[in-house]
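Visitor: Sending over a structure as structure tokens; questions will come in a sec.
Computed from the coordinates by the stated procedures, all read-outs in this text should not be read as laboratory data. Computed from a predicted structure; not experimentally measured. Ideal geometry is used to build each Cβ from the backbone, glycine not excepted, and the neighbour counts take in all protein chains shown.
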Amino acid sequence: MKTAKLIELERQRLDLIEEARAALRAIDNNTDAKRAKELEARHDAAMRAIDANALDIDQAKLEAETEEHRAAARPEMGGTAAAGVDGPGAFLSGRRADWVDARGNPVRVLSRADQFSQRSYTGPSVGDLIAAKISGPRNEAEERALSASTNSAGGFTVPEPLAQDFIDLMRRNSSAISAGAITVPMESETLAIARATGDPSVAWRAENAAVSETDPTYDRVTFTAKTLAGGVKMSRELAADSLNIGALVQQQLAAKMALELDRAAIWGDGSGASPTGVTNTSGINTVSMGTNGAAIADYDKLLDAIYELTLDDVPGPYAGIMHPRTQLAIQKLKDSQNNPLTQPEWIRNTPPFVTTAAPIDETEGTADNASSIVFGNFSHLMIGLRQSVEIRIFDQTYAATGQLYVQAWMRADVQLSQPKAFSVLTGVIPA
């Protein structure tokens, strides 16, 4: 159900889109160079406002969805407490200071609805700075950005608020974060957190009887920031003549980095300088499709994997992450009368998230074209992220060909707070 806030935000989005389109039409009908630059700045401002509006709409939708779950769980509505709403996992929203560092300082933890950037950025966009690098700054803000961090290689780092907006854009593109993984901002290269390795024992006791002791069920794991980087080249002519090149470059880099972050967070093997993901962490549950893998023909194996979570008393909500090939096979399941198979309740209550980061060349016995589905309560997947993401624009690296180079760097690591909160179904092969 749409709330008044969501309806108003969607109206604002339509107005912003029309404003951007009006600026484009005015540019097409205007040959005055000075006026064209003013219109370009107006268009860029509208596009930035559209991006900010999209984040607000996402958060409003999640708030509305959460409120619906809460309403359904209230006793007067005939419901029961929903895990992950007001029950287990609620502390992971980042709105409470339950996480503290070694000095007792609160650690900000972000759920999918939270934004990394804590203030609205109204300065020059990546597109503005690309244009400024070619034809010179159009205003004081662009001039400050260009002069603040120019290096000997002819590049400069974009302002930190703009880099934080890039992080939020990347997080929106991440399937792992959409499924519930939390983001832990890292103030330094390493960050130690506690991990549950077992459950405490409890028992009824007689008056004055001793309370039974249990072995420690916690240990420490440490985030160690690892570097992920990428870049894109473009011609000066394209950058100068295309109004949307900056936004396009930013969106593509954010999407590609989110894709690789998903791969590392879920399927990373820790080789080289990459993180170790869920499937290669000891202590998770595993279910196999068979000795040499098998195609999905019904829901039985998927239910077996979810069953492992319930056996370990892992509270919901659960989600599943898989390759689009696997999701397509599930969606096509039919009975002997060629009717779509009715989904069991456990499957209906476990939303699927798809990503091409999922490998489809895993080995299962003699099969070398297998894939896997990762089920779990993804609030136990923690992505440590350094707060300083660098985006640099170079004009000398490829000066011989007259090209610009936009480069993005980020540092992150992955840890699980409770490995048993995940169950992996391996050996899924195509029919």
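Visitor: Using packing as a proxy for protection, rank 13-20, 176-183, 162-169 so that the peptide with the highest average count of other Cβ atoms within 10 Å comes first. Write down the numbers at each step before the final one.
Guide: Details: 13-20: 15.2, 176-183: 24.8, 162-169: 22.0.
Peptide ranking by packing, descending: 176-183, 162-169, 13-20.
Visitor: Compute the Cα gyration tensor for region 242-322, then decide on rounded, prolate or oblate, letting a ≥ b ≥ c be the square roots of its eigenvalues: rounded whenever a/c is under 1.5, prolate when a/b is larger than b/c in the other cases, and oblate in all that remain.
Guide: On the way: a/c = 2.32, a/b = 2.01, b/c = 1.16.
Prolate.
Visitor: Then there's this: For the modelled label position 7 Å from the Cα of Asn349 along Cα-to-Cβ, which residues of region 307-328 have backbone nitrogen atoms closer than 16 Å?
Guide: 307-320
Visitor: Under a point-charge model restricted to the Cβ atoms of Lys and Arg (+1) and Asp and Glu (-1), what is the dipole moment magnitude of region 189-276 relative to its Cα centre, in debye to the nearest 20? The partial results should precede the final answer.
Guide: Working: 8 positive and 11 negative charges, 78 e Å.
Approximately 380 debye in magnitude.
Visitor: Using only alpha carbons, build the gyration tensor for region 366-431 and give me the equivalent ellipsoid semi-axes, biggest first, whole Å. Each step should come with its number before you reach the end.
Guide: On the way: eigenvalues 305, 99, 10 Å².
Gyration-tensor ellipsoid for region 366-431: 39, 22, 7 Å.
Visitor: Using just the alpha carbons, could you tell me how many Å³ per residue the convex hull of region 308-425 encloses?
Guide: Values: hull volume 24.0 nm³, N = 118.
Here the figure is 203 Å³ per residue.
Visitor: Could you tell me what a quarter of the Cα convex hull surface of region 138-277 works out to, in nm² with one decimal place?
Guide: The directionally averaged projection comes out at 14.4 nm².
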